[in-house]
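Let me begin by presenting the structure, written as structure tokens, before commenting on it.
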Amino acid sequence: KRKTDTLWDLAWQQLVRANNDRKHPFRVAAISTVDQNGFPRARNVVMRKANRQEGSLLLYTDLRSRKIKEWQHSGTLHWLFWNPKSQLQVGARGTVERVDRAQELALFHQLPKHGRKSYATMQAPAAVGPTTPDGLPEDWPEMTIESTDYAADNFGVFKTNMLTFDILQLSRNE
């Protein structure tokens, strides 16, 4: 096997493993976009699903967040993963599309109450203004999971259809 084939398989193995292993370093990735002024913007997100057959990566986000406009502007997204134990870095670039609303709602309704917090805040992410310290309604602790369904309005699921990969494995032995 060529080294590139081995790295390709290793990268996908790590990405798919992160689907079910919450502690896997590939579970959290840095994503980069370009804003309307041409400046790069990076932030960390939870990679929700890697699908090798489709060559896609899935993430959840608040529909009120700034990155949505940046995706609409460029149509692309760059992901960067790093595993310090295996010294493996994977960069991946692709086009972004929103999944259909029925699929979004089905995924939202699988979230436990604490998983809905990011979408239940009274203000958009990074918004400035009067709110509770965590941005949630004051009665959040007493709310039932059904009463948090309003947060589905802010919940979005986006798929990146990968176009290119950059895979680097550092090794002191070679």
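The values are calculated or read from the model by the stated rules, or taken from the named source; none is laboratory data. These figures come from a predicted structure and were not determined experimentally. Ideal geometry is used to build each Cβ from the backbone, glycine not excepted, and the neighbour counts take in all protein chains shown. Ligands, DNA and RNA are stripped out before the accessible areas are found, and what is left, the full protein with its side chains, is counted by its heavy atoms. Shrake-Rupley method; radii C 1.70, N 1.55, O 1.52, S 1.80 Å.
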Hits among aspartates and glutamates - C-alpha to C-alpha of K85 under 18 Å, sequence gap 8 or more where chains match: D9, D21, E174
Options (1) 12.3; (2) 15.4; (3) 13.5 - which one matches mean projected area of the Cα convex hull in nm² as calculated here: (1)
Radius 9 Å from Cβ of L59, net charge of other residues (Lys, Arg +1; Asp, Glu -1): +3
Cross-link pairs K23/K67; K117/K159; K23/K49 - those with Cα-Cα distance over 23 Å: K23/K67
Expected 222 nm ellipticity per residue - DSSP helices of 4 or more, -39500 (n - 2.57), all of the chain, to 500: -6000 deg cm²/dmol
Cleavage-rule hits (trypsin sites (Lys or Arg not before Pro)) in the range 34-118: DSSP loop, at most 10 neighbouring Cβ within 10 angstrom: K85
Convex hull volume per residue for the range 1-84, taking Cα atoms only, in Å³: 121
For the range 63-155, the spread of Cα positions along each principal axis, largest first, Å: 43, 34, 31
Heavy-atom surface of the chain, accessible at 1.4 Å and reported per residue (Å²): 60
Percent carbon-and-sulfur accessible area, the chain, ignoring ligands, DNA and RNA, probe 1.4 Å: 52
Listed residues W140, W79, W12, most fluctuating in the chain (Gaussian network, C-alpha, under 10 Å): W140
